[in-house]
Amino acid sequence: MKFVESAAHIAADEMSKVNNDLVYAYVQLIKFLSLYPTAASTPRGCSSASIGSVEYIRKQARVFSEGRVPKKPKPPKTIPDEMVSVILVSYFEISEADTGRIQREHALSMGAENIVGDLLERYIASILEPRGWIWCSGAIVKAVDFIKPPSDREEVWTSLQVKNRDNSENSSSSAIRLGTDIKKWHRTFSRKIGSNWGAFPDPTLASLLSEEGFKEFVTKYLQSLN
């Protein structure tokens, strides 16, 4: 698996046709994948272009951009299991008249829960990207949500995976991969109250990230969708 020559120049040209504001970020992403092609996620669809080809770079430019389009919370479309209501009434002593409301509220809760991870990435991106990091929007990189190009003081790329909770599913790959460690961080804990912002793996930015900041970001983001 190898990327074509001048992949970065191709990336710049293709992204300029999609979203000129994302040219720099996309070029950095393609530079990263050119160095570590096995980190590239398999493109969706049976007729997807081979990883590293000109067609791949063209198609992924749109995926990268579309991954940043605002998303609205959506309740799941699955039909609820009526046996749940039977259990609520028979064991938990919930009024049968309340089961319909509980079903609706549960669906809304699930819709809200399903979008928290996306909102978390957007919030972190709003702080990190102006400071040199790149949000890997569109799930183009395996098990990595953010990358940071090498600086004058660093010789390797930094890669980061973020999760909403400490019991969220993680990739089985860990330790050394892509020629560098994948840093992993989670926002909340499954068995205790509190957040984990103070342990954010970039100590220079940890003080800029907080639960209060996240709540403010989410509130403004959702209000802008109405």
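The values are calculated or read from the model by the stated rules, or taken from the named source; none is laboratory data. Keep in mind the model is a prediction, meaning the values are calculated, not measured. Here the Cβ positions follow ideal geometry from the backbone for every residue, glycine too, while neighbour counts run over all protein chains shown.
Counting only residues that are crowded, with 19+ Cβ neighbours inside 10 Å and among the hydrophobic types (A, V, I, L, M, F, W, C), which one in region 144-160 is farthest from the chain's Cα centre (by Cα)?
157
For residue 119, state whether it is within 14 Å of the chain's Cα centre (by Cα) and farther than 28 Å from residue 49 by Cα.
In short, yes.
Tally time: how many residues in region 74-113 are surrounded by 14 or more Cβ atoms within 10 Å (Cβ to Cβ), more than 22 Å from the chain's Cα centre (by Cα) and in a helix (DSSP H, G or I)?
8
Yes/no per residue for (1) assigned to a strand (DSSP E or B); (2) surrounded by 10 or more Cβ atoms within 10 Å (Cβ to Cβ); (3) without any contact (Cβ under 8 Å) to a residue 60 or more places away in the chain:
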site: 186; (1), (2), (3): yes, yes, yes
site: 191; (1), (2), (3): no, no, yes
site: 198; (1), (2), (3): no, yes, yes
site: 205; (1), (2), (3): no, yes, no
site: 219; (1), (2), (3): no, yes, yes
site: 222; (1), (2), (3): no, yes, no
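Is it the case that residue 56 is modelled with pLDDT of 95 or more and surrounded by fewer than 13 Cβ atoms within 10 Å (Cβ to Cβ)?
So residue 56 fails the test.
Restricting to region 1-52, give me the number of residues that are of a type in the set (S, T, N, Q) and touching a helix residue (DSSP H, G or I) at 6+ places or on another chain (Cβ under 9 Å).
Residues meeting the conditions: 6.
Among (1) modelled with pLDDT of 95 or more; (2) over 30 Å from residue 215 (Cβ atoms); (3) surrounded by 15 or more Cβ atoms within 10 Å (Cβ to Cβ), there is one condition residue 39 misses while meeting the rest; what is its number?
Condition not satisfied by residue 39: (1).
For region 174-184, what are the residues that are surrounded by 14 or more Cβ atoms within 10 Å (Cβ to Cβ) and either at pLDDT below 50 or closer than 19 Å to residue 149 by Cβ (or both)?
177, 178, 180, 181, 182, 183 - these are the residues of region 174-184 that are surrounded by 14 or more Cβ atoms within 10 Å (Cβ to Cβ) and either at pLDDT below 50 or closer than 19 Å to residue 149 by Cβ (or both).
Only helices (runs of 4 or more DSSP H) wholly contained in region 1-73 count here; list those with 3 or more residues that are within 21 Å of the chain's Cα centre (by Cα) and closer than 30 Å to residue 224 by Cα.
Correct list: 23-35, 54-66.
Among the residues of region 13-20, are any closer than 21 Å to residue 150 by Cα and in the same structural domain as residue 60 (by TED's automatic domain parsing)?
No, region 13-20 contains no residue that is closer than 21 Å to residue 150 by Cα and in the same structural domain as residue 60 (by TED's automatic domain parsing).
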